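These notes concern the structure reproduced below.
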Amino acid sequence: MNGAANPAAPVLFVLFGAAGDLSRRLIVPALFNLHLDGRLPAGFRLLGIDRRELGDGALAEDYRDAVTRHSRRGAPEPGAWEAFAAGISYRRADVNSGETYANLAAMVRARPPGGGPEPVVVFYLAVPPTLIEPIVNGLGEAGLTRDADHARVVAEKPLGRDLDSFRAINSALGRHFIEQQTYRIDHFLGKETVQNILALRFANPIFEPIWDRRYVDHVAITVAESLGVEHRGAYYERAGALRDMVQNHLLQLLCLVAMEPPVAYDAEDIRNKKMDVLRALRPITRAGVHEVAARGQYGPGWLRGVRLPGYRGEPAVDLRSNTETFAALKLQVDNWRWQEVPFYLRTGKRLMDQVSEISIRFRDVPHRAFPDAVGLNAQPARLVIRIQPDEGIDLKFMAKEPGSPLRLRPVDMRFSYREAFAQASPNAYETLLRDVLLGDATLFMRADQVEAAWRLLMPVLEVWEETPAADFPNYAAGSWGPESAQVLMARDGRSWLSPTLSAGSRRQPDQTREMTRDEPDPAPTPPAGDGDTV
Ligand code: BG6
């Protein structure tokens, strides 16, 4: 988000979990792309730490393969790769041993011959949440965390699995790092379209006046995935859709839509305004969970001609699993702007399409001057922020069909990133890593936000855990989710409007298995039919 030049100080990037999937698929390809774009500081070094027996060369070779497979730019040019790989080294280490940190401290303090400026050290924790505490304690005890100007820590979600475990992780972080040194990643905040929500709202005078309860009927946020749980069954069994997606990504999207304009475009002000939204969210009571929350789990089904197994048939998943792979929520923001405007959130795996969007549905016209037969309000006016694929913004409204008799039909005004901007967008990790290197925390979650999100969802998590779903699996792979999600909106006389689909989202399920988050989407084609309820 920061447009500043490269960081002045050299950076030592200490990557815990260096041999893991996250490092290979996302972090290292993003760092390499920053290198290609000339956006790493001179003297950037990457020190990988993991349990595996590997040499510096073997790690670099493994990363070359990972970059080839997962970078948006494909296989690296040999010269560029060698320049990057020259800065990669590896240490096999036990994160529970004090010796690891003593050795690390010696390496961090060592200066190249002839001196040179003190490096900024970024400790990136690409590790399961249970390892965060021992690692930050080790770093703290070795004196590696004290200098707030030269030490930063990056923690990946999931940050705990409930309010208590989050607090434990957070207090470990807080014992050794101050908030300004702590970067909690929610990769959705690095997506261009997500950042563009603020530009849309606050760089244009036309939207803000209608962005409230007088004009908006409701807001619907959909993050649908056609992928299943892939090889992540063991993790997902303990997470589920509410922890994996709603607690972080979907609530962050809601905050960006609902927040008040910041006074200044800086990390604290933006995060304060988002925090105000979280504080204004009406608490969910245990007794009210069944009215505001719906859960689902996919069973076997068909997706574009391919037969897919149900969740309980996925590797490392319990045959009688109670884990939800779909979650929907109705939330209310109790403040002046949004009183009685519901925010509906839904997310799920193995849904009909891979599509994420925010739909701001405006109120119906107050007076129907047209005869019913012409189709007024068949498609209510709405603004759709397409997060992925085919990123952009659509304004959907009614227009008269040419000719007579008089008929009204929904039409779109479309903004497409791909068409408007020649250059390819950086992926979310590139944006976020660059901000870490520059020390800009605007796009990262502050502790109080994460805590508020856990607090909000705890009643739902508890009730769902205590009362196993009697109807699981309750939606077929390849559908739009369980009926209970429809009921959630139908109770209010509303329904989910079908997401804006493009050919880019229509991947064969067997292809999606090989897709990574980095791969560009195929070229878009005109949208499929719209206005259906799903
Ligand atoms: C991750 C979740 O945070 O986000 C995954 O753990 C999910 O389950 C992923 O698939 C979705 O991210 P993206 O960027 O691919 O939409």
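A few points about this structure:
- Selection of helices (runs of 4 or more DSSP H) fully inside region 135-245 by the criterion of at least 3 residues being within 16 Å of the ligand (Cβ to nearest atom), over 23 Å from Arg295 (Cα atoms) and modelled with pLDDT under 95 returns 192-202.
- Considering residues of region 367-420 that are among the acidic types (Asp, Glu) and open to solvent by less than 40 Å² (accessible area, probe 1.4 Å) only, the residue modelled with the lowest pLDDT: Asp390
Yes/no matrix, rows are residues, columns are (1) under 22 Å from Asn103 (Cβ atoms); (2) in contact with a Lys or Arg (Cβ under 7 Å, 6 or more places away or on another chain); (3) surrounded by fewer than 20 Cβ atoms within 10 Å (Cβ to Cβ):
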{"position": "Ala9", "(1), (2), (3)": "no, no, yes"}
{"position": "Leu15", "(1), (2), (3)": "yes, no, no"}
{"position": "Gly20", "(1), (2), (3)": "yes, no, yes"}
{"position": "Gly48", "(1), (2), (3)": "yes, no, no"}
{"position": "Leu54", "(1), (2), (3)": "yes, yes, yes"}
{"position": "Arg73", "(1), (2), (3)": "no, no, yes"}
{"position": "Pro78", "(1), (2), (3)": "no, no, yes"}
{"position": "Ala83", "(1), (2), (3)": "no, no, yes"}
{"position": "Tyr90", "(1), (2), (3)": "yes, no, no"}
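- Selection from region 429-453 of residues that are in contact with a Pro (Cβ under 7 Å, 6 or more places away or on another chain) and more than 12 Å from Val154 (Cα to Cα): Leu438
- Residue selected from region 246-271 under the condition without any contact (Cβ under 8 Å) to a residue 40 or more places away in the chain and open to solvent by less than 30 Å² (accessible area, probe 1.4 Å), by the criterion nearest to the ligand (Cβ to nearest atom): Met259
- Given (1) surrounded by 15 or more Cβ atoms within 10 Å (Cβ to Cβ); (2) outside any strand (DSSP E or B), number of the condition Arg295 does not satisfy: (2)
- Residues located in region 428-448, provided they are surrounded by 21 or more Cβ atoms within 10 Å (Cβ to Cβ) and out of contact with any Gly (no Cβ under 7 Å at 6 or more places or on another chain): Glu430, Leu433, Arg434, Asp435, Val436, Leu437, Ala441, Phe444, Met445
- Condition met for Pro128 (loosely packed, with under 15 Cβ neighbours inside 10 Å and closer than 28 Å to Tyr311 by Cα): yes
Quick grid of which residues meet (1) over 21 Å from Lys349 (Cβ atoms); (2) at pLDDT 80 or above:
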| site | (1), (2) |
| --- | --- |
| Ser425 | yes, yes |
| Asp448 | yes, yes |
| Glu451 | yes, yes |
| Ala485 | no, yes |
| Pro526 | yes, no |
| Thr533 | yes, no |
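The values are calculated or read from the model by the stated rules, or taken from the named source; none is laboratory data. Not measured: the values here are computed from a predicted model. Glycine gets a Cβ as well: all are built from the backbone with ideal geometry, and neighbour counts include every protein chain shown. Side chains are part of the model used for accessible areas, which takes the heavy atoms of the whole protein and leaves out ligands, DNA and RNA. Shrake-Rupley method; radii C 1.70, N 1.55, O 1.52, S 1.80 Å.
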